[in-house]
Amino acid sequence: MKYVSTRGQSPALSFSEILLGGLAPDGGLYLPETYPQFNDADLTAMRGMNYRDLAFYILSRLIDDIPAIDLKAIINKTYRADVYSFTRSGQNAEDIAPVLKLENNLYLLSLSNGPTLAFKDMAMQLLGNLFEYVLAKKGETTNILGATSGDTGSAAEYAMRGKKGVRVFMLSPHKKMSRFQTAQMFSLQDDNIFNIAVKGVFDDAQDMVKAVSNDAAFKAKYKIGAVNSINWGRIVAQVVYYFKGYFAVTQNNAQKVDFAVPSGNFGNVCAGHIARMMGLPIDKLVVATNENDVLDEFFKTGVYRPRGSANTYHTSSPSMDISKASNFERFVFDLVGKDGTKVCELWASVDNGGAFDIKYLMPKLAEFGFVSGSSNHANRMQTIRETKARYGVVIDTHTADGLKVAFEYREKNTPMVVLETALPAKFEDAIMEALGQAPERPTSLYGIENLPQKFTVMNADIAAIKDFIAKNT
Ligand SMILES: *Cc1c(COP(=O)(O)O)cnc(C)c1O
């Protein structure tokens, strides 16, 4: 299995060769040359599998340069009940991604039972173990540099803590994350984790990361790596839970299922698209956005119009606050028939702050099952309240975005599975506002805000971060 770039100008590479990098040299994103196909017999074989065996069955078709026995060991080490232990009552942690039935044909797929209470753990934990393995094989090390407004940074740190050959330098806006998110990250005392609180907003932190990454000499000397949302290893890990969710709510392979996905950078729902392309009987993929509705606009009009950061809203589902959807290019590559030249042409305007219009492809769009919708703060509050009242279940703001749009597309006889992308404990203030009471927090995280914190405060200064990296490597 080789991987090609969506812009068609980079050499095809194997999985291990693309794992540690970000964009392809031509500026595109990597995708498998062809999607492996699962037929009815495959689906029948997979139906009874536990999460680990299912993950191996799927990933071994996409990763062919890690010996099967090693890949199996990496997967078994990653998807353990003790790592995904923050289950709701009645759920079995052994399921790793259990479903929660709300009512007939309406389910949540619990993807947030991992260490940082957000679905990003599902992929990041695998990435941590893959990085350690591949770096050891190559005799290399890496310094991961990233910027976070909360979820990505904590998932990356919990996945990489204590991993040999890996250091993490994570920039976050000083005093801008929730107290819980700050405590999650800053209480880590591991020697290979460096928390840097940047005096500024998230974009300042992001700009520092970009500036360092654009300095090719520094990047090479200090082996700067990334684990951002375009990393193929993250996407591939996310394909697995669509299969898990499908089998959990169906009895036979003739049944179809709809998935509703709270979306920002299009990573999560892109994995759903890939699962569908591999033969999973998905009917609709419901893309749910918040007020930052660049994706909703595209799926309704065929116009992709990224917003500048000045037109990006800070919302109560902050992990979906994006100006452009980084992984969207992967889907467009499939939409235009894997024509890299066409993708180059479309992104020539996007990369210069423009937009593109592919309305003429709207009929083709429907063939891929995508539909979309968006919500605002009032919708989220109402959905959280109604979900509590109707089902006795407290959901977080991102999941609320997903559920709100799911209701707009529900069909009577098709199970609708809403991806639960974070637990409510992570967004206490919003839950307080909606319900007048704080969400339940896992007992092991009581008082996390009172633990000693390890972090460095820094001005939004490129020289300062370079100096810090140089001193700590
Ligand atoms: C990252 C995140 C999302 C958005 O996922 P994408 O893959 O960027 O579309 C949604 N909800 C939560 C809680 C997240 O952390």
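The values are calculated or read from the model by the stated rules, or taken from the named source; none is laboratory data. As the structure is a prediction and not an experimental result, all values here were calculated from the model. Reconstructed Cβ throughout: ideal geometry from the backbone, glycine too, with neighbour counts over all protein chains shown.
Looking only at residues that are among the charged types (D, E, K, R) and over 18 Å from the mean Cα position of the chain (by Cα) in region 126-171, which one is nearest to Ser317 (Cα to Cα)? If you could, list the steps in order and put the result at the bottom.
Pass one, region 126-171, residues among the charged types (D, E, K, R): 132, 137-138, 140, 151, 157, 161, 163-164, 167.
When the remaining residues are screened for being over 18 Å from the mean Cα position of the chain (by Cα), the result is 132, 137-138, 140, 161, 163-164, 167.
Values: Glu132: 32, Lys137: 40, Lys138: 40, Glu140: 38, Arg161: 27, Lys163: 31, Lys164: 34, Arg167: 29 Å.
Among those residues, the one meeting the criterion is Arg161.
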Legend entry - Near pairs, Cβ below 6 angstrom, 6+ apart or cross-chain, from region 309-322 (in contact (Cβ under 8 Å) with a residue 12 or more places away in the chain) to any residue that is within 7 Å of the ligand (Cβ to nearest atom) and among the small types (Gly, Ala, Ser): Met320/Gly264; Ile322/Gly264
Inset, instruction - Exactly one condition in (1) over 19 Å from Tyr446 (Cα atoms); (2) within 16 Å of the ligand (Cβ to nearest atom); (3) polar (S, T, N, Q); (4) outside any loop (DSSP other than H, G, I, E, B) is not met by Ser154; state its number. - result: (1)
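In region 362-374, how many residues are among the hydrophobic types (A, V, I, L, M, F, W, C), outside any loop (DSSP other than H, G, I, E, B) and either at pLDDT 95 or above or within 25 Å of the chain's Cα centre (by Cα) (or both)? Show your work before the answer.
Looking only at region 362-374, we keep the residues that are among the hydrophobic types (A, V, I, L, M, F, W, C), and these are 362, 365-366, 368, 370-371.
The next check asks that each one be outside any loop (DSSP other than H, G, I, E, B); those that pass are 362, 365-366, 370-371.
Next, from what is left, pick out any that are either at pLDDT 95 or above or within 25 Å of the chain's Cα centre (by Cα) (or both): 365-366, 370-371.
Total meeting the criteria: 4.
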Legend entry - Out of Ile384, Ile358, sole residue that is under 30 Å from Glu428 (Cβ atoms) and either surrounded by 15 or more Cβ atoms within 10 Å (Cβ to Cβ) or within 16 Å of the ligand (Cβ to nearest atom) (or both): Ile384
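If you check Val303 against the conditions, is it in contact with a Pro (Cβ under 6 Å, 6 or more places away or on another chain) and surrounded by fewer than 24 Cβ atoms within 10 Å (Cβ to Cβ)? Quick ask: steps written out before the conclusion?
Numbers: in contact with a Pro (Cβ under 6 Å, 6 or more places away or on another chain): no; surrounded by fewer than 24 Cβ atoms within 10 Å (Cβ to Cβ): yes.
The answer is no for Val303.
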Legend entry - Conditions (1) of a type in the set (A, V, I, L, M); (2) away from the ligand (no atom under 16 Å from the Cβ); (3) crowded, with 20+ Cβ neighbours inside 10 Å; (4) at pLDDT below 95; number of the one not met by Ala147: (2)
Inset, instruction - Under 7 Å between Cβ atoms, at least 6 apart or on separate chains: pull out the pairs that start in region 48-60 with a residue that is over 14 Å from Ala237 (Cβ atoms) and end on any residue that is crowded, with 16+ Cβ neighbours inside 10 Å. - result: Met49/Tyr57
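Are there helices (runs of 4 or more DSSP H) fully within region 211-322 with at least 1 residues that are touching a Phe, Trp or Tyr at 6+ places or on another chain (Cβ under 6 Å) and away from the ligand (no atom under 15 Å from the Cβ)? List them.
On the way: elements: 216-221, 232-249, 267-277, 294-301.
Result: 232-249, 267-277.
Residues are listed down the side, and each one gets a yes or a no for (1) in contact (Cβ under 8 Å) with a residue 60 or more places away in the chain; (2) in contact with a Gly (Cβ under 9 Å, 6 or more places away or on another chain):
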residue	(1), (2)
Ala156	yes, yes
Arg161	no, yes
Met170	no, yes
His174	yes, yes
Arg179	yes, no
Thr182	yes, yes
Phe186	yes, no
Asn192	no, yes
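So for region 180-203 (the condition being within 21 Å of Gly28 (Cα to Cα), charged (D, E, K, R), outside any helix (DSSP H, G or I) and touching a helix residue (DSSP H, G or I) at 6+ places or on another chain (Cβ under 9 Å)), does at least one residue qualify? Don't jump to the end; show me each part of the working.
Applying the first criterion (within 21 Å of Gly28 (Cα to Cα)) to region 180-203 yields none.
No, because not a single residue in region 180-203 is within 21 Å of Gly28 (Cα to Cα), charged (D, E, K, R), outside any helix (DSSP H, G or I) and touching a helix residue (DSSP H, G or I) at 6+ places or on another chain (Cβ under 9 Å).
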Inset, instruction - List the number of the failed condition for Ala325; all other conditions in (1) within 15 Å of the ligand (Cβ to nearest atom); (2) touching a residue at least 60 places away in the same chain (Cβ under 8 Å); (3) hydrophobic (A, V, I, L, M, F, W, C); (4) not in a loop (DSSP other than H, G, I, E, B) hold. - result: (4)
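Residues checked against (1) hydroxyl-bearing (Ser, Thr, Tyr); (2) outside any helix (DSSP H, G or I):
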residue: Glu17; (1), (2): no, no
residue: Leu23; (1), (2): no, yes
residue: Thr34; (1), (2): yes, yes
residue: Gln37; (1), (2): no, yes
residue: Asp42; (1), (2): no, no
residue: Phe56; (1), (2): no, no
residue: Leu71; (1), (2): no, no
residue: Asn76; (1), (2): no, no
residue: Asp82; (1), (2): no, yes
Legend entry - Ile469 vs. criteria in a loop (DSSP other than H, G, I, E, B) and surrounded by 18 or more Cβ atoms within 10 Å (Cβ to Cβ): no
